[in-house]
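A.B. asks: After the structure tokens below, expect a handful of questions from me.
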Amino acid sequence: MKILRTLLPFIVLSLVMTFQAHAQQKKTFTQEADQAFEDKMFNLAIEKYEKAYSKVKKNRIEKNRILFQIAESYRLTNNWKKAEQQYKRLDKANYQKINPIVIMYYADAQKINERYEDAIIQYKRYADLAPNDPRGKIGIESCQMAQTWKDNPTRYAVNPSDEAHKELNAWKTINSKEDDFAPSFAEEKGKTMVFTSSRENSTGGSVDDWTGQAFSDLYVSTMSSKGDWSTPVLLDDQNVINTDGNEGASCYSNKFNTLYFTRCSSEKKKVLTCAIYRTERRGKIWSPPEHVKLGTDSTKIYGHPAVSKDELTIYFASDMEGGQGGKDIWVATRAKKNKNFDLPKNLGTTINTPGDEMFPYLRFDSLLYFASNYLPGMGGMDIFKTVKVGEKWSSPENMKSPVNSAADDFAVTFFPGVLEEKGYFASNRKLKSGKGGDDIYSFLKIPLLFTIQGVVKDDRTLQYIPGATVKMVGSDGTSIETKTDKRGGYAFDKTQVLPTTSYELTVSKEGYFSDKGRETTVGLEQSKDFQIDFVLSPIPVKPIVLPEILYDLAKWDLKPQYQDSLQGLITILEANPTMTIELGAHTDTRDTDVKNDTLSLKRAQSVVSYLISRGIDPDRLTASGYGERVPRVLAKDVNRDGFLFPSGTVITDDYIATLSGKPHQEAAHQLNRRTEFRILSMNFVPKAVIDTLAKGKIEVVTNPKENILGFNPLEGDAFEATIIVNGYSANFDYDKKATEVTVSPEFAFNLLTKGFISKPDFVGDASKALSEGSVADKAKINIKTMRIGDNTITNIEVVVAKDQKPSIKLGDPIFNKIGKWRIEKEKSRVVFE
């Protein structure tokens, strides 16, 4: 860590009398080395100590003391690799028994050299040797967090090189082989930057004995119209701001007409001091700098100013009395800009530590950034952020990797007047983009970018649904709609999906039940592309049995325990307000047709009344009584009262008669006593006011039986007739030679898209049988019911025939399943006996 940057120039030079005292005698290498170390001339001290070490032969205590001084010299000049080597030698020599601090410095060196696991071991040793010193535990915590932060970097990018942020490439021009640090902006558009540098040709032309570099000055670089930064030049060439001493660590007022900066004297044989000065710019001329008085002790250091927008508050770093140890962040206020500041106040233990806190930077007057080498961090100095809430500052937050590193990271500044988090900071990290010791690096917080996309498919066919409406409503009040493309795809881009927002997506399409999905970006710290796919269920054109709505024999009242079974239907009706339905009730075959018609109608009406009581418009509901005319066909296995009824079973009187025992038969009758619903339309216009006193439409449905099938004669014995497949009416071709039922791919796909068959009806893997827009050749499908005339056949396996033209082709085996039958060709009909 370089001298001006750490405010170490504030030391006492060797006085004249000291030289005179030694002028009469020749010093040993050890004495010369100790003197150089005392004078903070650490590079010279290392050279002298190494010569002194070779001269000491038998005095082990003295040799170890010299090793410790060498290690300290490397540490204080930021040569951490050499420092680690020396501390390791001292550890092997058990020097920690004399001074335990050597183990902590050994751990510090390993941490800064990014050997976190090794450093943890040494910090634990130090914690055992010095249990009252918190630095051991802090070091352990720092190493553990540093490795985690390094493995999981934040959204900040260091030195981003993309063309869109060309202004961040200033570091390419600004950095030199010497120290460059403490950047700040000199105008409101962020196109002029002032920074500190100890490069050659600085004012005075002499060399600082402590750094081995030129005395630091303030330099300036400007951005051209093309976005390129100019070669830096001295901020002023009149020696008004820059002097033979060290100048640096500056900040501008809110109007950018006043500059506050740090100046350190360079007078020989005197105590070196640093103070804060201010100067005003009038055109191209700077006024003579005025000393900003911040304390009563002129021997203390004052530097690194950060000024509020109204210039009535100043934050700075100082080692003045009353601090927490080392350098602290202080604050001073004043009533008017032309008045002196009141006595400073220490920011307290929330911010300051026994270590060093420096380089404060104030953003929006409520965010304070600073550097600390004591708070848990990644290496040397780390950059921290704290927020002012009322009159208090929050616990400092480490900016983590990649802004912070195992090296020293400090002196951050942000582009003025923008909310985007981008700017510059200084670091002595060793990267290819660096040129010297301390270099200036740019940073940019990559904005959070989110997208939501997906596809919408048909649940029955697994085909993409084009033209579906996808509506996205955000918790911020935004509402956006889009349509799916021909591949069923939809997308909301990064301009539509925002951070810290929750979204509800609703997908709708005529002929389908609507579906909803939810996603949120709240709490996310990384960009993400969300994939939300939807599978819409087609609105069925055939009746659906409502779950568990059962009736006692000859009763129609809706029992309370079955009202919950209607919740699913209520949800569907609420999600699809344009839907109208029929509630069809059925009885078993016992009792007369008239009584069963009346009973079924009352059962349907009881369901309708309940739905109306739950807020469903009566005009959307039709109550139909089917009596005993339509026996139930089971779509799946049903277990009732301990009896299993297989899928595909048609519960006719003939079937019930085959069941053994009255309980078994009674369970079958109970299955026929059911209520079903089917969709009538999807174009109902919802009303603002619902008439809850209406009862809906009521009707009894008759269903006359047929036992004769008419047909259209074809060539030979073939004919064409009507068949109802799972409730879907179609034409079939009779071929006496056909041994199995075959269907065309188009007919199979039509059944699929209209909801008369679904994925579970396919034999084997349905996804293999279904291709885009068709059904695969030789795919096998289980048909639950085929109705020919008044005869119903159940559980028939059909095969898709690729080149078949008739929708369905069947032969004698199917007719034989019905029973006795004959063809009356002259009358063009089939008679079933």
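The values are calculated or read from the model by the stated rules, or taken from the named source; none is laboratory data. This structure is a prediction, so every number in the text was calculated from the model and none was measured. Using ideal geometry, Cβ is built from the backbone for each residue, glycine included, and neighbour counts are taken over all protein chains shown. Note: areas computed on protein heavy atoms with side chains; ligands, DNA, RNA excluded. Shrake-Rupley method; radii C 1.70, N 1.55, O 1.52, S 1.80 Å.
A.B. asks: Could you tell me whether any residue of segment 785-805 is assigned to a helix (DSSP H, G or I), crowded, with 18+ Cβ neighbours inside 10 Å, in contact with a strand residue (DSSP E or B) (Cβ under 7 Å, 6 or more places away or on another chain) and of a type outside the set (Phe, Trp, Tyr)?
C.D. replies: No, every residue in segment 785-805 fails to be assigned to a helix (DSSP H, G or I), crowded, with 18+ Cβ neighbours inside 10 Å, in contact with a strand residue (DSSP E or B) (Cβ under 7 Å, 6 or more places away or on another chain) and of a type outside the set (Phe, Trp, Tyr).
A.B. asks: Scan segment 285-320 for residues that are small (Gly, Ala, Ser) and more than 27 Å from PRO416 (Cα to Cα) and report the count.
C.D. replies: Initially, segment 285-320 is screened for residues small (Gly, Ala, Ser), giving 287, 295, 298, 303, 306, 308, 317-318.
Narrowing the set further to residues that are more than 27 Å from PRO416 (Cα to Cα) leaves 295, 298.
Residues in segment 285-320 being small (Gly, Ala, Ser) and more than 27 Å from PRO416 (Cα to Cα): 2 in total.
A.B. asks: If you go through segment 742-752 one residue at a time, do you hit one that is in contact with a Pro (Cβ under 8 Å, 6 or more places away or on another chain) and either touching a residue at least 24 places away in the same chain (Cβ under 8 Å) or closer than 22 Å to SER537 by Cβ (or both)?
C.D. replies: Scanning segment 742-752 turns up at least one residue that is in contact with a Pro (Cβ under 8 Å, 6 or more places away or on another chain) and either touching a residue at least 24 places away in the same chain (Cβ under 8 Å) or closer than 22 Å to SER537 by Cβ (or both).
A.B. asks: Where the second residue is assigned to a loop (DSSP other than H, G, I, E, B) and among the hydroxyl-bearing types (Ser, Thr, Tyr) and the first is in contact (Cβ under 8 Å) with a residue 40 or more places away in the chain and lies in segment 386-397, which pairs have Cβ atoms under 7 Å and are six or more apart or on separate chains?
C.D. replies: Matching pairs, first to second residue: TRP393/THR350; SER395/THR350.
A.B. asks: I would also like to ask the following. Please tell me if ASP319 is of a type in the set (Asp, Glu) and either closer than 22 Å to GLU187 by Cα or free of Cβ contacts under 8 Å to residues at least 60 places away in the same chain (or both).
C.D. replies: No.
A.B. asks: Among the strands (runs of 3 or more DSSP E) contained in segment 261-336, which hold 2 or more residues that are open to solvent by less than 70 Å² (accessible area, probe 1.4 Å)? Walk me through it before giving the result.
C.D. replies: Numbers: elements: 274-282, 290-292, 302-307, 313-318, 328-333.
Counting at least 2 such residues, we get 274-282, 302-307, 313-318, 328-333.
A.B. asks: Mind telling me which of the residues ALA718, ALA748 ends up being open to solvent by less than 70 Å² (accessible area, probe 1.4 Å), modelled with pLDDT of 85 or more, out of contact with any Gly (no Cβ under 9 Å at 6 or more places or on another chain) and farther than 29 Å from GLU833 by Cα?
C.D. replies: Numbers: ALA718 fails: farther than 29 Å from GLU833 by Cα.
Just a single option satisfies the conditions, and that option is ALA748.
A.B. asks: (1) in contact with a helix residue (DSSP H, G or I) (Cβ under 6 Å, 6 or more places away or on another chain); (2) at positive phi: which one isn't true of SER442, the others all being true?
C.D. replies: (2)
A.B. asks: Determine which member of the set ASN43, ASN64 is open to solvent by 30 Å² or more (accessible area, probe 1.4 Å) and of a type in the set (S, T, N, Q).
C.D. replies: On inspection, the qualifying residue turns out to be ASN43.
A.B. asks: Only one of LEU218, LEU234 is surrounded by fewer than 23 Cβ atoms within 10 Å (Cβ to Cβ), among the hydrophobic types (A, V, I, L, M, F, W, C) and under 18 Å from ALA186 (Cα atoms). Can you tell me which? Give the steps one after another, and end with the answer.
C.D. replies: Working: LEU218 fails: surrounded by fewer than 23 Cβ atoms within 10 Å (Cβ to Cβ).
Step by step, each of LEU218, LEU234 is checked, and only LEU234 is surrounded by fewer than 23 Cβ atoms within 10 Å (Cβ to Cβ), among the hydrophobic types (A, V, I, L, M, F, W, C) and under 18 Å from ALA186 (Cα atoms).
A.B. asks: Of the numbered conditions (1) open to solvent by 50 Å² or more (accessible area, probe 1.4 Å); (2) under 23 Å from PRO631 (Cβ atoms); (3) not in a strand (DSSP E or B), ILE814 fails exactly one; give the number of that condition.
C.D. replies: (1)
A.B. asks: Spot the failing condition for THR173; the list is (1) among the polar types (S, T, N, Q); (2) assigned to a loop (DSSP other than H, G, I, E, B); (3) farther than 23 Å from PRO354 by Cα, and only one is missed.
C.D. replies: (2)
A.B. asks: May I pose another question? Go through segment 483-498 and report how many residues are closer than 13 Å to ILE532 by Cβ and assigned to a strand (DSSP E or B).
C.D. replies: Residues meeting the conditions: 4.
A.B. asks: Out of the residues in segment 552-586 that are under 13 Å from GLU676 (Cβ atoms) and not in a helix (DSSP H, G or I), state the one that is modelled with the highest pLDDT.
C.D. replies: Restricting to residues being under 13 Å from GLU676 (Cβ atoms) and not in a helix (DSSP H, G or I), the top hit is HIS586.
A.B. asks: Turning to a different aspect of this structure: Could you say which residue among LYS400, LYS445, LYS422, LYS432 is open to solvent by 60 Å² or more (accessible area, probe 1.4 Å) and at pLDDT 90 or above?
C.D. replies: The unique qualifying residue is LYS400.
A.B. asks: For segment 657-679, which residues satisfy the criterion of being among the hydrophobic types (A, V, I, L, M, F, W, C) and more than 60 Å from the chain's Cα centre (by Cα)?
C.D. replies: Answer for segment 657-679, where residues must be among the hydrophobic types (A, V, I, L, M, F, W, C) and more than 60 Å from the chain's Cα centre (by Cα): ALA657, LEU659.
A.B. asks: Could you please find all residues in segment 588-602 being modelled with pLDDT of 85 or more and open to solvent by less than 10 Å² (accessible area, probe 1.4 Å)?
C.D. replies: ASP588
A.B. asks: What do you reckon, is ASP485 surrounded by fewer than 16 Cβ atoms within 10 Å (Cβ to Cβ), of a type in the set (Asp, Glu) and more than 30 Å from TYR315 (Cβ to Cβ)?
C.D. replies: yes
A.B. asks: Now a separate question. Quickly run through segment 397-413 and pick out the residues that are under 22 Å from GLU167 (Cα atoms) and over 25 Å from the mean Cα position of the chain (by Cα).
C.D. replies: ASP409, PHE410, ALA411, VAL412, THR413
A.B. asks: Step by step: first the residues of segment 588-619, then only those that are in a loop (DSSP other than H, G, I, E, B) and farther than 22 Å from TYR655 by Cα, then the one that is farthest from the chain's Cα centre (by Cα). Which residue is that?
C.D. replies: ASP617
A.B. asks: Still on this model: Considering only segment 499-508, how many residues are under 15 Å from ASP533 (Cα atoms) and surrounded by 16 or more Cβ atoms within 10 Å (Cβ to Cβ)?
C.D. replies: Residues flagged as under 15 Å from ASP533 (Cα atoms) and surrounded by 16 or more Cβ atoms within 10 Å (Cβ to Cβ) within segment 499-508 amount to 5.
A.B. asks: Quick check on segment 377-396: of everything there that is under 26 Å from the mean Cα position of the chain (by Cα) and in a loop (DSSP other than H, G, I, E, B), which residue is farthest from ALA107 (Cα to Cα)?
C.D. replies: Of everything passing the filter in segment 377-396, SER394 is farthest from ALA107 (Cα to Cα).
A.B. asks: If a residue has to be of a type in the set (S, T, N, Q) and farther than 17 Å from ARG678 by Cα to count, how many in segment 587-608 make the cut? If you could, list the steps in order and put the result at the bottom.
C.D. replies: From segment 587-608, those of a type in the set (S, T, N, Q) are 587, 589, 592, 596, 598, 600, 605-606; that's our starting set.
Still in the running and farther than 17 Å from ARG678 by Cα: 587, 589, 592, 596, 598.
Total satisfying the criteria: 5.
A.B. asks: Within the group ALA119, ALA157, ALA170, which residue is in contact with a Leu (Cβ under 6 Å, 6 or more places away or on another chain) and either of a type outside the set (Ser, Thr, Tyr) or within 27 Å of ILE440 (Cβ to Cβ) (or both)?
C.D. replies: Details: ALA119 fails: in contact with a Leu (Cβ under 6 Å, 6 or more places away or on another chain); ALA170 fails: in contact with a Leu (Cβ under 6 Å, 6 or more places away or on another chain).
Unique residue meeting the criteria: ALA157.
A.B. asks: Quick one: in segment 153-168, which of the residues that are touching a strand residue (DSSP E or B) at 6+ places or on another chain (Cβ under 6 Å) and part of a loop (DSSP other than H, G, I, E, B) is farthest from PRO183 (Cα to Cα)?
C.D. replies: So, considering only residues that are touching a strand residue (DSSP E or B) at 6+ places or on another chain (Cβ under 6 Å) and part of a loop (DSSP other than H, G, I, E, B), the one farthest from PRO183 (Cα to Cα) is ARG155.
A.B. asks: Among (1) surrounded by 21 or more Cβ atoms within 10 Å (Cβ to Cβ); (2) at pLDDT 95 or above; (3) under 29 Å from GLY322 (Cα atoms), which single condition is LYS385 missing?
C.D. replies: Unmet for LYS385, out of (1) surrounded by 21 or more Cβ atoms within 10 Å (Cβ to Cβ); (2) at pLDDT 95 or above; (3) under 29 Å from GLY322 (Cα atoms): (1).
A.B. asks: Looking at PHE410, PHE370, which one is open to solvent by less than 20 Å² (accessible area, probe 1.4 Å) and either in contact (Cβ under 8 Å) with a residue 60 or more places away in the chain or not in a strand (DSSP E or B) (or both)?
C.D. replies: So the residue among PHE410, PHE370 that is open to solvent by less than 20 Å² (accessible area, probe 1.4 Å) and either in contact (Cβ under 8 Å) with a residue 60 or more places away in the chain or not in a strand (DSSP E or B) (or both) is PHE410.
A.B. asks: Every residue in segment 453-470 that is assigned to a strand (DSSP E or B), open to solvent by 30 Å² or more (accessible area, probe 1.4 Å) and closer than 20 Å to ARG518 by Cα, please.
C.D. replies: Within segment 453-470, GLN453, VAL455, LYS457 meet the criteria.
A.B. asks: Within segment 620-629, does at least one residue satisfy the condition of being outside any strand (DSSP E or B), open to solvent by less than 30 Å² (accessible area, probe 1.4 Å) and touching a residue at least 60 places away in the same chain (Cβ under 8 Å)?
C.D. replies: The answer is yes; a qualifying residue exists.
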